[in-house]
Each structure stands twice: as structure tokens, then as C-alpha cells.
1. Would you mind ranking VAL103, VAL109, VAL84 by Cβ crowding within 10 Å, fewest neighbours first?
2. State the percent of C-alpha pairs, over all pairs in segment 11-128, separated by a distance greater than 19 angstrom.
3. Can you list residues whose amide H is under 5 Å from GLY39's amide H, if they're 5+ apart or on another chain and H is modeled 1.01 Å from N?
4. Return the sequence-ordered ³J(HN,Hα) values of segment 50-66 in whole Hz as given by the Karplus equation 6.51 cos²θ - 1.76 cosθ + 1.60 applied to θ = phi - 60°, using x for Gly and Pro.
5. Would you mind counting up the charge near GLY123? Only other residues with Cβ under 12 Å from its Cβ, with Lys and Arg at +1 and Asp and Glu at -1.
6. Kindly put TRP137, TRP97 in sequence by how many other C-beta atoms sit within 10 Å of each C-beta, fewest to most.
7. Sequence-distant or interchain residues sharing an amide H contact under 5 Å with LEU135, placed H: which?
8. Taking the Cβ of LEU135 as the center, what net charge do the other residues with Cβ under 11 Å away carry, scoring Lys and Arg +1 and Asp and Glu -1?
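Rule-based calculations on the coordinates, nothing more; no lab input. Predicted model only: the values in this text are computed from it and were never measured. Here the Cβ positions follow ideal geometry from the backbone for every residue, glycine too, while neighbour counts run over all protein chains shown.
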Amino acid sequence: MLRQSLLGAVLIVALMAMSGETPSPLYVHRDPPSPDGLGKFFLGREIAHVMGHAAADWLERPERETEEGTALLVPALRLEPGAVVADLGAGTGYFTWRLAEAVTPQGRVYAVDVQPEMLERLGARMATRGVTNVLPWLGTEADPPAAGGLAGPGPDGGCVP
Ligand SMILES: C[S@@+](CC[C@H](N)C(=O)[O-])C[C@H]1O[C@@H](n2cnc3c(N)ncnc32)[C@H](O)[C@@H]1O
């Protein structure tokens with residue numbers, strides 16, 4: 001249920017982004033937070049703590065598509081070939097290669113994550129799949145890359161090609 005609401009939230013955000021609608025208020029705070037969450041809610045879903053890379057296999061579990069309906073997400077974005085996309089919190093790249101396929105051949109995907117271990121796994125997965133239009137990008141929690149900053153490697157060398 002939680003996972004379905006997560007995917008639902010992602011889809012709603014994607015659709016809102018396309019329609020230009022913004023919910024108000026954007027975030028709601030509730031106290032006390034749940035054991036797994038921050039007490040900060042977005043579209044009715046509590047934002048979880050950062051998921052550690054040690055649990056990364058869970059993101060790639062075979063039953064995920066059935067559980068979450070993940071096949072719906074990328075088509076819902078209606079990406080055009082040639083688009084430039086940021087996958088924020090890319091993890092192991094579960095959605096990254098699907099996004100990369102949607103924008104190929106000339107588009108590219110910046111795969112942003114705060115955990116280098118996740119980006120290592122992501123890079124290996126892209127190589128296995130022969131995906132060449134993904135740029136792993138090591139971000140920080142306090143400093144997500146701005147859209148303009150994704151046009152090329154950051155001044156601090158944040159882009160990990
Ligand atoms: C639950 S995983 C989801 C990964 C992937 N999007 C998926 O659906 O399989 C969330 C990922 O977001 C990353 N993350 C958390 N906070 C972040 C931030 N502020 N900027 C970039 N990545 C972040 C975590 O390191 C983790 O790999």
C-alpha cells in the first residue's frame with residue numbers, strides 16, 4: 001500500500017509538472033513522525049528516511065513491477081526522444097535505464113544520488129544493459145543540482161561520468 005502510494009505520488013507529481021498545477025500547501029508537517037518517516041508529508045505520503053545502499057537489492061526485486069505498477073511511470077511522463085531528464089534519487093537505476101530508453105538516441109539522463117555506492121551499482125547496471133546516455137551525478141542532501149547545473153559537469157567535479 002505504501003509502495004503504491006509512493007508510485008502514485010510520483011505519477012501525480014509528474015502529471016502536475018506537465019499541467020503546471022502546484023498543491024497548496026506543498027508540504028504538511030505532523031508530529032510525532034512515524035518510526036520510518038520524517039513527519040513531513042507530501043501529497044498525503046510521509047517522506048521516509050534516506051534508504052541505505054545496503055538494502056539496494058530490494059529496489060531491483062522481480063515482484064516490484066506487480067506490486068507498484070512501475071511500468072506506468074515512464075509512459076506517463078510522455079518524454080520525447082532527445083529530452084534531457086534528471087532522475088533525482090536514482091538509486092540503483094531502476095527507472096534510469098527506462099528513462100534513458102525513452103529519450104534515446106540523442107537525449108540523456110542525469111542520475112543523481114547522494115550515495116556513491118548507489119551510483120556505482122547504477123553505473124554497472126547501465127554498462128550491463130549497454131545504456132550509454134546516462135550520466136551518474138553525486139549530489140548532496142543540502143545541494144541538489146539546479147537544472148542549469150545539469151548542462152555539464154559541476155564546478156566541484158560533482159558529475160561522475
Ligand atoms: C528509495 S530509493 C529509490 C531509488 C529509485 N528512484 C527507485 O525507484 O528505485 C531513494 C534514493 O534516493 C536517494 N536520495 C535520498 N535523498 C536524496 C537527495 N537529497 N538527493 C539525491 N538523492 C537522494 C537515496 O540515496 C536513495 O538511493
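1. Details: VAL103 20, VAL109 30, VAL84 16.
With the sparsest Cβ surroundings first, the list reads VAL84, VAL103, VAL109.
2. On the way: 3983 of 6903 pairs.
Percent of Cα pairs beyond 19 Å in segment 11-128: 58.
3. Excluding prolines and chain starts, which carry no amide H, the hits are SER34, ILE47.
4. Whole-Hz 3J(HN,Hα) from phi for segment 50-66: 4, 7, x, 5, 4, 9, 4, 4, 4, 5, 9, 5, x, 7, 4, 4, 5.
5. That works out to 0.
6. Numbers: TRP137 25, TRP97 22.
So the ranking, lowest neighbour count to highest, is TRP97, TRP137.
7. Distant-sequence amide H within range of LEU135: VAL109, TYR110, ALA111.
8. Values: positive: ARG108; negative: ASP87.
That works out to 0.
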